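What follows is calculated from the coordinates using simple rules that are stated; it is not laboratory data. Since the structure is predicted, the reported quantities are computational estimates derived from the model, not experimental observations. Here the Cβ positions follow ideal geometry from the backbone for every residue, glycine too, while neighbour counts run over all protein chains shown.
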Amino acid sequence: NKEGTKICFSEKDAAFIIYQLLSALAHMHANHLMHRDIKFENIMLDSQNSQVIKLVDFGAGAFFKEGQHLCDYIGTVYTMAPEVLRGKYDEKADIWGVGVICYMMLSLTKPFYGSSKIIITQKILKEETKYYSPNWDNVSDSAKSFIRSLLTMDPDKRLSAVQAMKHPWIGK
């Protein structure tokens, strides 16, 4: 806000932004391009008075073939999918990052946190998503279900960008 105080996004505003992010990723994935570094710093508002976003910084991006798995350890630790940390992943790794962003938008906390990259990595690899912040008290079950569907450890069970855009919480 204008005073510099951090406040959570409303569910409606978060869903609108997340829908746009998923739409960009759906287009990219359909064209066999992964972003590989989904994080707040790579999501920009189109203008100061707008909620229209732009996904930026494709420096970590990579083209892939259908069914291909990549193995590069690349991205930002707090948004890395478990399969990236294990060294074998596909475009669903981008979707994990969207789940982390949504979690943070609604709670102002990270789903996996720690004092070092090693601790964060260990938590990503073995912990289920928890809603520990008091900020979660007023968040709908639908929003939590949406986030769980993106932060699913097994990428084969994780929603694709197109599937996530159709989740009831998104409301599109």
TODO: For every other residue with a beta carbon closer than 15 angstrom to the beta carbon of Gly67, add +1 if it is Lys or Arg and -1 if Asp or Glu, then tell me the sum.
DONE: -2
- [ ] Pull out a ≥ b ≥ c, the square roots of the eigenvalues of the alpha-carbon gyration tensor of the range 101-166, then state rounded if a/c is under 1.5, prolate if not and a/b is larger than b/c, and oblate in the remaining case.
- [x] oblate
Task: Lysine pairs within the range 115-170, Cα separation less than 22 Å, 8 or more sequence positions apart or different chains - done: 11
Open item on the list: Nearest 500 deg cm²/dmol is fine: what mean residue ellipticity at 222 nm does the chain get from its DSSP H runs of n ≥ 4 alone, each adding -39,500 (n - 2.57), divided by its residue count?
Closed with: -11500 deg cm²/dmol
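Could I get the Rg over Rh figure for the range 42-171? Both from C-alpha atoms, Rh via Kirkwood, rounded to two places.
Radius of gyration relative to Kirkwood radius: 0.95.
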TODO: Hand me the GluC sites (Glu not before Pro) from the range 1-74 located in a DSSP loop with no more than 12 other Cβ atoms within 10 Å, in residue order please.
DONE: Glu3, Glu66
Task: Convex hull volume per residue for the range 67-140, taking Cα atoms only, in Å³ - done: 94
- [ ] Sticking to Cα atoms, compute the Rg of the range 1-109 to one decimal and its Dmax as the biggest Cα-Cα distance, whole number, in Å.
- [x] 14.4, 48
Task: Rounded Å value of the spacing that divides the Cα centres of the range 24-60 and the range 69-127 - done: 17
Task: Cβ-based charge dipole, the chain, positive-most Cα from Tyr89, Ser133, Leu25 - done: Ser133
